[in-house]
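The values are calculated or read from the model by the stated rules, or taken from the named source; none is laboratory data. This structure is a prediction, so every number in the text was calculated from the model and none was measured. All Cβ positions, glycine included, derive from the backbone under ideal geometry; neighbour counts span all protein chains shown.
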Amino acid sequence: MPSVFLKTYGCQMNERDSEAVAAQLVAKGYALAASEAVADVVLLNTCSVRDNAEQKALSKMENLAGQFRKQRPGVLLGFLGCMAQSRGRELIDQLPDVDLVVGTQKFHRVADYVDDLLAGRRDKIVDTEEERGSEATIKEHLLNGAAKAKAVTAFVSIMQGCNQYCTFCIVPYTRGLERSRMIEDIVAECRELVARGVKEITLLGQIVTSFGKRDIPEREGKSAFVQLLDAVHAIEGLERIRFTSPHPKGYGPDLVEAYARLPKLVESAHLPVQSGSDRVLKLMHRGYTRARFLEIIRQLRAVHPEMGLTTDIIVGFPGETDADFAETLSLAREVEFDNAFVFKYSPRRDTPAAAMPNQLPEELIEARHAQLLAVINEIAERKNKACEGRVLQILVEGPSRKNAARLEGRTRANKIVVFEGSERHIGQLMDVKITHAAPFTLYGDPAILNLN
Ligand code: SAH
Ligand code: F3S
């Protein structure tokens, strides 16, 4: 059977979509190629959230279409996902060697389309249609596949799309309107994963706190999302639950309370703040103020003082003044995030922010990016250092990505710990004593603890 190489750009949702596509291809008998050099089909699952993500995938495809295809004329080339959705046929006009363009609501059709193209039944295929029910089609998993020795953690897609329309963001256009899966279906998928050995599940969506908002009524003060957390929490054998990404406006009392009530819901939250300035938050259409954001942080820390907190911040939004940026710096200092993704504002097609006045010069954005990153990193390192000497519970995931001779796991607060262990530790929850903190990684030792 022909082999497929699938390269993924962007967020965890894209990773998950690629995994489902790969699983569907494998189910049809395709092999997964270890590299593009030996593949019969090369698919790029793309990201549109910033321009540089698009440029990366475009230049990769240019390379594939150029020299690479001369050497391997039969190879089939395709774009999937967000950029495929937003650019559609235009991608084939620009790069005529591309055979396949499949948008975000048609991932489940990729394997059939590849069949058709390879069999010569069709020439070029572009499918960026919307499809009712497509939110329920990302469900196949590739556990214990070629890439993973033993899957301990898994992502489960619970919804697609976003209706928030932040003024800088292309996602509502590439991913469509919010559509949620049924709680029973999600739970069934999670149950199956746990039966196959998975210990930790991350529930995924662009705005998970809006899960089921329109279809599932509140019950006993619990939003649909918290009802889902309850249902997943009840699965026996599951040890940990995470989710990403929530929106601050979805952090109602029921969700804060869920952290106290549900022991499997780990003490970790990724809470995208974007800016510390109320004026900018309003221009971004974020739907909360700085004060409200800080209140959520206080509430979460009141429940779990050790809560791991990470965020996304954009610098250089149109019209961002020195004073606005100073508010972002002060918010970062006040919250003391464990880590943050700091992004340079990138104008996206069709978004309101791209047409706003006062687009800032690149050098200013660069300078603010460097300044904020320095603050974020300094705090992150200090917080990591504070873990030295402490005993933390980790879930062992497998060989360390930095050093395959060692293992790595993550703490409940989502910090990576590297330690010396053996195969039998994989998939186990264990306590490790943190012996050394590097800026982004902790090193631990289980043996010391065993002597206690
Ligand atoms: N809710 C989604 C957001 C997707 S985009 C999620 O799952 O994370 C991820 C992050 O990219 C956003 O939180 C934002 O910080 C950043 N981002 C989005 N659009 C951007 C743009 N136009 N320029 C720079 N950064 C952007
Ligand atoms: Fe984008 Fe805002 Fe939704 S960042 S994904 S429009 S919450």
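Brief remarks on what is shown
- Unique residue being within 25 Å of the chain's Cα centre (by Cα) and more than 16 Å from ligand 2 (Cβ to nearest atom) when the list is Phe325, Phe341, Phe337, Phe317: Phe337
- Hits in region 329-355 (condition: more than 12 Å from ligand 1 (Cβ to nearest atom) and either buried (at least 16 other Cβ atoms within 10 Å of the Cβ) or more than 24 Å from Tyr259 (Cα to Cα) (or both)): Leu329, Ser330, Leu331, Ala332, Arg333, Val335, Phe337, Asp338, Asn339, Ala355
- Some residue of region 61-73 being at pLDDT below 95, farther than 16 Å from Thr8 by Cβ and part of a loop (DSSP other than H, G, I, E, B): yes
- Residue check, Ile216 more than 20 Å from the chain's Cα centre (by Cα) and either part of a loop (DSSP other than H, G, I, E, B) or at pLDDT below 95 (or both): yes
- The residues in region 374-390 that are polar (S, T, N, Q) and in contact with a strand residue (DSSP E or B) (Cβ under 8 Å, 6 or more places away or on another chain) can be counted, and the count is 1.
- Boolean, Leu238 is touching a Lys or Arg at 6+ places or on another chain (Cβ under 9 Å), away from ligand 2 (no atom under 14 Å from the Cβ) and either part of a helix (DSSP H, G or I) or of a type outside the set (Ser, Thr, Tyr) (or both): yes
Rundown of residues vs (1) surrounded by 21 or more Cβ atoms within 10 Å (Cβ to Cβ); (2) within 16 Å of ligand 2 (Cβ to nearest atom), yes/no style:
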| site | (1), (2) |
| --- | --- |
| Cys169 | yes, yes |
| Tyr173 | no, yes |
| Arg181 | yes, no |
| Asp215 | no, no |
| Val226 | yes, no |
| Leu229 | yes, no |
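- Note on region 150-166: residues that are among the polar types (S, T, N, Q), more than 12 Å from ligand 1 (Cβ to nearest atom) and either modelled with pLDDT under 95 or not in a strand (DSSP E or B) (or both) total 0.
- Scanning region 290-315 for residues that are under 22 Å from Tyr259 (Cβ atoms), at pLDDT 95 or above and either in a loop (DSSP other than H, G, I, E, B) or within 13 Å of ligand 1 (Cβ to nearest atom) (or both) yields a count of 6.
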